[in-house]
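A.B. asks: Dumping the structure here so I can ask a few things about it.
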Amino acid sequence: MLAAEIGDIGFASRTLEFYTNELTNHVDLDAIRGAKFKLVLDYAFGATSFVMPNVLAKLGADILGINPNVSTAGVISFDRAVHATRLVELVNSSGANLGAMLDPDGEQLTLVDDTGHVLGDDEALLALTLLVSSAEPESVIAVPVDASRQVEAICAATGTEVLRTKLGGVQLLEEAGSPRIGLAANTSGGFVFPPFLPAFDAVATLVRVLSLLASRKESLSKVVARLPETFIVREEVPTPFEQKGLVMRTLVEQADPAEIVLLDGLKTIDANGWTLVIPDPDAPATHVHAEGRSRAEAEQRAERAANAIRRILTEGTP
C-alpha cells in the first residue's frame with residue numbers, strides 16, 4: 001500500500017499523490033476543515049509517516065506528530081500499550097480533540113478520545129459501527145463472528161444490516177469488496193473503508209473518523225458515551241494438534257443444538273450472551289471468546305468452556 005517502499009522515487013511520489021487524492025475524494029473535506037481538529041498522531045516509527053503529511057495537508061488540522069521517522073529498531077520494540085500511554089499524556093496536555101496511533105504496518109488503528117480515554121478494540125469497533133450506521137443506514141456492516149452482539153443492537157436502531165464472517169480476515173476482506181459494505185472491521189483494531197480500498201488501512205480509517213465526527217459536529221467522547229457496555233473475555237487453552245478434532249467434536253455433541261452457530265468454530269448463543277470456541281489453525285491452542293452481561297459473567301462463560309476443553313484433553317471423553 002505504501003509506495004514509499006518502492007525503489008523508484010518518481011513512481012512512489014505519483015502513487016502517493018494518487019492515494020491521497022483518491023482517499024480525500026471519498027470524505028467530506030469541507031466538514032473536516034471546518035471542524036479545525038487538533039490531533040496527536042503517533043506514527044509508531046512506521047511507513048505511514050510517508051503518507052500522512054500529504055493527507056494531513058488537505059485536512060486543515062493542527063497536528064502534533066510523534067515517532068515520525070521510520071526506524072527498524074523502533075518497529076521491533078513497538079509496544080502498543082506503551083505507545084497508547086504516551087498518547088494519552090499528550091492528548092491531555094495539549095487539549096487535543098483526538099489521539100490516534102497508526103501501527104507500524106499501517107493496518108491497525110488505536111484511538112484516544114478528547115478526555116484521554118483509550119478505546120479498546122471492541123469499543124472502537126462499536127464506535128465506528130455507530131458512526132457509520134447513523135450516516136449510512138442503508139449500508140451493510142461486516143464483522144467477524146467474535147465481535148460483540150452490541151453491533152446488532154446499535155444497527156437495529158437505524159435498520160442497518162450486519163454481516164457476520166469467519167475469523168482470519170480472508171472472508172471479511174472478500175466481503176469488503178462488495179459495494180454494499182459500508183464498514184468492515186475485525187476485533188483487533190483493523191478497519192476497512194470499502195468505498196476507498198477493500199483492505200485494512202489505518203490512514204483511511206482515521207480520515208473517515210474525522211469526516212464522520214465533523215459531519216455530526218460531535219466529539220469522539222460523546223460518541224463513546226452513547227455506546228452500550230460490552231464485556232468480552234478472550235483466553236487460550238493449550239491443545240495438541242492431534243486432539244483438536246476430538247475437542248471440537250465433543251463440544252458440539254455436548255452443546256444444545258438450538259444454541260449452536262457453526263459459522264467458524266463452535267459458537268453457542270443464549271439470551272445472556274455467547275461463547276465461541278475455535279481451534280488455532282497454526283498453533284497448538286484453542287481460543288475461547290465469551291460475552292456476557294457483566295465482566296464476571298463473561299469470565300464465567302469463558303472459564304466453563306476452557307475447563308470443558310481441559311477435561312476433554314485429560315479424560316478423552318465429555
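A.B. asks: What's the magnitude of the charge dipole for the chain around its Cα centre, counting Lys and Arg as +1 and Asp and Glu as -1 at the beta-carbon? Answer in Debye, nearest 20. Numbers along the way, then the final one.
C.D. replies: On the way: 26 positive and 43 negative charges, 111 e Å.
Computed about the Cα centre, the dipole is about 540 debye.
A.B. asks: Using amide H atoms built in the peptide plane, which far-off residues or other-chain residues are under 5 Å from SER178 H to H?
C.D. replies: Amide H to amide H, under 5 Å and 5 or more residues apart or across chains, SER178 pairs with nothing.
A.B. asks: Test of understanding: in a Gaussian network model of the chain with alpha carbons linked when under 10 Å, which of LYS38, LYS267, LYS244 would top the mean-square fluctuation ranking?
C.D. replies: LYS244
A.B. asks: For the stretch 128-196, what does the alpha-carbon gyration tensor say about shape, rounded, prolate or oblate, given a ≥ b ≥ c as the root eigenvalues, a/c under 1.5 as rounded, and a/b over b/c as prolate?
C.D. replies: Numbers: a/c = 1.76, a/b = 1.22, b/c = 1.44.
Oblate, because a/c is 1.5 or more while a/b does not exceed b/c.
A.B. asks: Work out the charge dipole of the chain with +1 on the Cβ of Lys and Arg and -1 on the Cβ of Asp and Glu about the Cα centre, then indicate which of PHE196, LEU172, LEU64 is farthest towards its positive end.
C.D. replies: After comparing all options, I get LEU64.
A.B. asks: In addition: Given axes a ≥ b ≥ c from the Cα gyration tensor, I'd like to know whether the stretch 3-225 is rounded (a/c under 1.5), prolate (a/b larger than b/c) or oblate. Intermediate values should be presented prior to the final figure.
C.D. replies: On the way: a/c = 1.40, a/b = 1.24, b/c = 1.13.
Rounded is the answer for the stretch 3-225, as its axis ratio a/c remains below 1.5.
A.B. asks: If packing is taken as the mean number of other Cβ atoms within 10 Å per residue, what is the order of 69-80, 152-163, 39-50, highest first? Could the numbers behind the result be given before it?
C.D. replies: Working: 69-80: 12.7, 152-163: 16.1, 39-50: 23.4.
Packing proxy ranking, top to bottom: 39-50, 152-163, 69-80.
A.B. asks: Placing +1 on the Cβ of each Lys and Arg and -1 on the Cβ of each Asp and Glu in the stretch 231-315, which of VAL237, LEU276, GLN300 has its Cα farthest towards the positive end of the resulting dipole?
C.D. replies: Result: GLN300, furthest along the dipole toward the positive end.
A.B. asks: Then there's this: How would GLU89, GLU175, GLU242 line up from fewest to most surrounding beta-carbon atoms within 10 angstrom? Let's see the in-between values first.
C.D. replies: On the way: GLU89 14, GLU175 20, GLU242 8.
Lowest to highest Cβ neighbour count: GLU242, GLU89, GLU175.
A.B. asks: Taking 51 Å as R0, compute the FRET efficiency from the Cβ-Cβ separation of ASP28 and ILE269 and round it to 0.05.
C.D. replies: Working: r = 38 Å, r/R0 = 0.74.
The computed FRET efficiency comes out at 0.85.
A.B. asks: Using alpha-carbon positions, what is the distance between the centroids of the stretch 129-168 and the stretch 281-318, in Å?
C.D. replies: Spelled out, the Cα-based centre of one part sits 26 Å from the other.
A.B. asks: What does the C-alpha gyration tensor say about the overall shape of the stretch 168-246? Classify as rounded when a/c is under 1.5, otherwise prolate if a/b is larger than b/c, or oblate.
C.D. replies: Numbers: a/c = 3.23, a/b = 1.58, b/c = 2.05.
Judged from the Cα gyration tensor, the stretch 168-246 comes out oblate (a/c at least 1.5, b/c at or above a/b).
A.B. asks: Using +1 on the beta carbon of Lys and Arg, -1 on that of Asp and Glu, and nothing else charged, what's the dipole of the stretch 114-154 about the Cα centre, debye to 20?
C.D. replies: Working: 1 positive and 8 negative charges, 14 e Å.
Using only the charged Cβ atoms, the result is roughly 60 debye.
A.B. asks: Across the chain, how many lysine pairs, 8 or more apart or on two chains, come within less than 27 Å at their alpha-carbon atoms?
C.D. replies: 11
A.B. asks: Okay, moving on. So, in nm, how far is label PHE241 from label THR72 when the simple model puts each one 7 Å beyond its Cα toward the Cβ?
C.D. replies: Result for the modelled spin labels: 3.1 nm.
A.B. asks: Calculated FRET efficiency, ALA157 and THR115, Cβ-Cβ r, R0 30 Å, to nearest 0.05? Don't skip to the end; give the middle numbers.
C.D. replies: Working: r = 24 Å, r/R0 = 0.81.
The calculated FRET efficiency here is 0.80.
A.B. asks: With +1 on each Lys and Arg Cβ and -1 on each Asp and Glu Cβ, and nothing else charged, work out how big the dipole of the stretch 196-299 is about its Cα centre, in Debye to the nearest 20. Please report the intermediate quantities before stating the final value.
C.D. replies: On the way: 11 positive and 16 negative charges, 152 e Å.
The calculated dipole for the stretch 196-299 is roughly 740 debye.
A.B. asks: Grab the other residues whose beta carbon is less than 10 angstrom from that of GLY60, score K and R as +1, D and E as -1, and report the net.
C.D. replies: Numbers: positive: ARG33, LYS36, LYS58; negative: ASP30, ASP62.
Cβ neighbours under 10 Å give a net charge of +1.
Values quoted throughout were computed directly from the atomic coordinates according to the rules given, and no laboratory measurement underlies them. As the structure is a prediction and not an experimental result, all values here were calculated from the model. All Cβ positions, glycine included, derive from the backbone under ideal geometry; neighbour counts span all protein chains shown.
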